[in-house]
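Contents: one structure, followed by commentary.
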């Protein structure tokens, strides 16, 4: 029995050891597979070094003081009656005191080492820190001291306090156990040796407190406090500079004297003076460090707050604007009302001012899914992306998404299908952002399977994507399903060098343990050439190879040089920029999209920062998974520090190719942070800032009921001081607590241009009222004819979905455009049915953007209504389909739609309701036919219509 138990114990220990080894070994293999093994080794050795150094220091400190207390014990003859009662405890531990000493020191060492190893980022930033080249206005120290040095000094101080306290406790217990300290016995409470020993330890603690007081002086520059002017105020205020700062200096001096008094007990052998000094220090901390600043605040600051605080507010304004990259913001007064009387000229100016995007990437994903999914085991992201692609020599806004693998749609779920056969998505699907086809569907520029269109030839297989979260085993004896065409399913075997080889039995065993999947160890589907792919989302891969970066919540795909590349924006941050107010990234980057979509990540939920830069642009190859990091902000000292810590991991900005540069854009999450700060920090005057009269807010999204902030929108447009349209990221502001418009903000998002990153704000006058987004939406909903049309569109069980409410500055006023989609009856996807346009108080709600613009301005634009319309105003016939069942259903749908439009014009609601029912039935038949193969064996998917922007009914 004993032998069996020993065997089981050995096996258990070996099992735990191999489990730990498996985690380490698989991590090493993964980092080596992506060519970032230096990140793994640097991080690992740093953690190991900190663990052993600080663990050993703590163990030595505690162990040495226990040993010293034991050496300084009094002779047994001098022991009191109280101590004689402890004999049995002393006798009990006597045979094991060495082992007990080792156990105690080992325990505290392990705890201290584990705590220290978690500070690897703090250590690397301190040892590799570079100067900012900027000095704080109070102490005239480089900002790098606060960002890189002060956090490490505070950690060291905290470690010192912990070591001193544990040493005092351990020494006191040892002295008590061996008679050096007495509690109840008459006479002296401590021997001279115990008094000297403990006094020195307490003196070290008080000396550390003196150092803490001194560092607290500098900590005032990065101290957060509540201040009515702004949340998360950082930096010194009047009371800090004139009360807390001198108080910390005085307390430092008192603590130094008190520490010297404790050290003096080595000669005086009495605690009388040290105890008096310690009491004085505590009293001083209460009076000088607490009561005095409160008196200053009450009787000096509050009676004349603006005059007292103004100099410090100016420092905060300057530091905050610089730390968040908003110091170059151009604020221009904007009238808010149009100036041009020539309506025809104004109508013509619309097309020159903006390429108005009526395809909302956050609405049309189900439409992409239904029309371009092809097979149930493919899926598109919930939110598509907006990019720029050239067509006929002109850049145009494009809605784009990847057809990624969707394991939920696999006909039969099992381990082989999930991990060996259905391994990758296939192809890009893209549509013009500024147009739709006659049925309200996306005007596809890249579609079908394999995808074809304007993007040319590229590697279409998608092994890495936002929805690809499961591991796959590829390249071995088991063939993968590639895609399906008219001739049936095609198979494929992965030819990339991504992933980790499973040819080695040790690797297979390690992954079987790490993934909790024993079949990896013995499955016959794994053989020579098999590779395991995991950590497959772009965000996961970039976070793993650069753990010192904060990753943007929205990666987006682009076709670059014949490859699909995921582009990931990454940030360097710190919360140690003096005088710059802090913000919580998770709260600041949340909006109506993040509230309704769990897949769109929110940046670093509770990560508080007061400095941020988009320092790195990263790419992840959708086929090979290759990760590249490119230096984007060449001046950022935080990035330079990390590049010193991890040399060779970040490529230079010059390594970015022209084709990649064409698809880089200004990141959304940085823009959200900046717009939140600009609600207050657009003001440069301290008096105005303190009064709060110019505080703005980001309005809630009026197109849904989430109650969250309106998201920023990408749009090609021209601001008043620009000569041509530029790809931009835009948002609006309203006054705090009100709904009218106070400002419009746009940033040039087109990378590679001289104006990239330039923030422009159009500030509206405060003595006039211009409708804000919610007011425009309310006006839209309250107009009787529009409300009646919406009611009819909602007939049956149809749903109306409002697209992005875009705002465009035009001739001194604001043009609002909102596409309206209908998801009818059994139809699972929304179609563009109406377009809302509002300008200068006039509102139009028409079938097409051109018609709505023409009605609002009372003039015909350069692009007129679509040709080939009959007298009844019906739209052009739908494109031909290769599936006759689909085509017949679409023809019936067109007839029903035309009949409904005719009935709507005549006000015949009964006929309109009948037409809507016929339309619903026809669309359901088309949908059913699309999901079934036709007689030729094809996928039953309607071919995409080639883009025709010049004749599109919704083209701009």
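The values are calculated or read from the model by the stated rules, or taken from the named source; none is laboratory data. Being a predicted model, the structure only gives us computed values, none of them experimental. With ideal geometry, Cβ positions are generated from the backbone for all residues, glycine too; neighbour counts draw on all protein chains shown.
In the set 67, 45, 30, which member is on the phi < 0 side of the Ramachandran plot, in contact with a strand residue (DSSP E or B) (Cβ under 9 Å, 6 or more places away or on another chain) and not in a loop (DSSP other than H, G, I, E, B)?
Working: 67 fails: in contact with a strand residue (DSSP E or B) (Cβ under 9 Å, 6 or more places away or on another chain); 45 fails: in contact with a strand residue (DSSP E or B) (Cβ under 9 Å, 6 or more places away or on another chain).
Residue meeting the stated conditions: 30.
Do we have any residue at all in the stretch 770-792 that's part of a strand (DSSP E or B), buried (at least 20 other Cβ atoms within 10 Å of the Cβ) and touching a strand residue (DSSP E or B) at 6+ places or on another chain (Cβ under 9 Å)?
Start the filter on the stretch 770-792 by keeping residues that are part of a strand (DSSP E or B), which leaves none.
No, that holds for no residue.
Conditions tested, residue by residue: (1) part of a helix (DSSP H, G or I); (2) modelled with pLDDT under 70; (3) surrounded by 17 or more Cβ atoms within 10 Å (Cβ to Cβ).
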position	(1), (2), (3)
826	no, yes, no
833	no, no, yes
837	no, no, yes
859	no, no, no
871	no, yes, no
875	no, yes, yes
899	yes, no, yes
904	yes, yes, yes
911	yes, no, no
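One line per residue, one yes/no per condition, for (1) out of contact with any strand residue (DSSP E or B) (no Cβ under 7 Å at 6 or more places or on another chain); (2) crowded, with 21+ Cβ neighbours inside 10 Å; (3) closer than 18 Å to residue 565 by Cβ:
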{"residue": "655", "(1), (2), (3)": "no, no, yes"}
{"residue": "667", "(1), (2), (3)": "no, yes, yes"}
{"residue": "673", "(1), (2), (3)": "no, yes, no"}
{"residue": "686", "(1), (2), (3)": "yes, no, no"}
{"residue": "690", "(1), (2), (3)": "yes, no, no"}
{"residue": "695", "(1), (2), (3)": "yes, no, no"}
{"residue": "706", "(1), (2), (3)": "yes, no, no"}
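Of the helices (runs of 4 or more DSSP H) that lie entirely inside the stretch 579-666, those containing 3 or more residues that are modelled with pLDDT of 95 or more and touching a helix residue (DSSP H, G or I) at 6+ places or on another chain (Cβ under 8 Å) span 637-645. So is residue 42 at pLDDT 85 or above and closer than 27 Å to residue 532 by Cβ or not? For residue 42, the condition - at pLDDT 85 or above and closer than 27 Å to residue 532 by Cβ - is met. Go through the stretch 381-406 and count every residue that is part of a loop (DSSP other than H, G, I, E, B) and either crowded, with 21+ Cβ neighbours inside 10 Å or touching a helix residue (DSSP H, G or I) at 6+ places or on another chain (Cβ under 7 Å) (or both). Of the residues in the stretch 381-406, 5 are part of a loop (DSSP other than H, G, I, E, B) and either crowded, with 21+ Cβ neighbours inside 10 Å or touching a helix residue (DSSP H, G or I) at 6+ places or on another chain (Cβ under 7 Å) (or both). Of all residues in the stretch 368-380, those satisfying the criterion of being farther than 22 Å from residue 480 by Cβ and either surrounded by fewer than 21 Cβ atoms within 10 Å (Cβ to Cβ) or out of contact with any strand residue (DSSP E or B) (no Cβ under 6 Å at 6 or more places or on another chain) (or both) are 369, 370, 371. On inspection, residue 542 qualifies as out of contact with any helix residue (DSSP H, G or I) (no Cβ under 9 Å at 6 or more places or on another chain) and surrounded by 23 or more Cβ atoms within 10 Å (Cβ to Cβ).
Conditions tested, residue by residue: (1) at positive phi; (2) at pLDDT 90 or above; (3) in a strand (DSSP E or B); (4) surrounded by fewer than 22 Cβ atoms within 10 Å (Cβ to Cβ).
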position	(1), (2), (3), (4)
305	no, no, no, yes
322	no, yes, no, yes
341	no, no, no, yes
359	no, yes, no, no
363	no, yes, no, no
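Here is a list: 346, 317, 371. Which entry is in a helix (DSSP H, G or I), under 25 Å from residue 579 (Cα atoms) and touching a residue at least 60 places away in the same chain (Cβ under 8 Å)? Before the answer, list the steps.
Numbers: 346 fails: under 25 Å from residue 579 (Cα atoms); 371 fails: under 25 Å from residue 579 (Cα atoms).
One residue alone meets the criteria, 317.
Among the residues making up the stretch 755-769, those that are closer than 26 Å to residue 615 by Cα and in a loop (DSSP other than H, G, I, E, B) are 755, 756, 757, 758. For residue 866, the test of being surrounded by 18 or more Cβ atoms within 10 Å (Cβ to Cβ) and either closer than 25 Å to residue 801 by Cα or at pLDDT 60 or above (or both) is passed. Every residue in the stretch 133-184 that is surrounded by 18 or more Cβ atoms within 10 Å (Cβ to Cβ), at pLDDT 95 or above and in contact with a strand residue (DSSP E or B) (Cβ under 8 Å, 6 or more places away or on another chain), please. Of everything in the stretch 133-184, those that are surrounded by 18 or more Cβ atoms within 10 Å (Cβ to Cβ), at pLDDT 95 or above and in contact with a strand residue (DSSP E or B) (Cβ under 8 Å, 6 or more places away or on another chain) turn out to be 142, 143, 147. Taking the conditions exactly as written (surrounded by fewer than 16 Cβ atoms within 10 Å (Cβ to Cβ) and either at pLDDT 90 or above or within 21 Å of residue 354 (Cβ to Cβ) (or both)), does residue 811 satisfy them or not? So residue 811 does not fit the description; no. Somewhere in the stretch 757-776, is a residue within 18 Å of residue 669 (Cβ to Cβ) and under 33 Å from the mean Cα position of the chain (by Cα)? Within the stretch 757-776 (the criterion being within 18 Å of residue 669 (Cβ to Cβ) and under 33 Å from the mean Cα position of the chain (by Cα)), the answer is yes, since at least one residue qualifies.
Put simply, of 289, 277 the only residue that is surrounded by fewer than 19 Cβ atoms within 10 Å (Cβ to Cβ) and in contact with a helix residue (DSSP H, G or I) (Cβ under 6 Å, 6 or more places away or on another chain) is 289.
Would you mind finding the one in 752, 737 that is outside any helix (DSSP H, G or I) and within 30 Å of residue 654 (Cα to Cα)?
Details: 737 fails: within 30 Å of residue 654 (Cα to Cα).
Within the list 752, 737, the selection yields 752.
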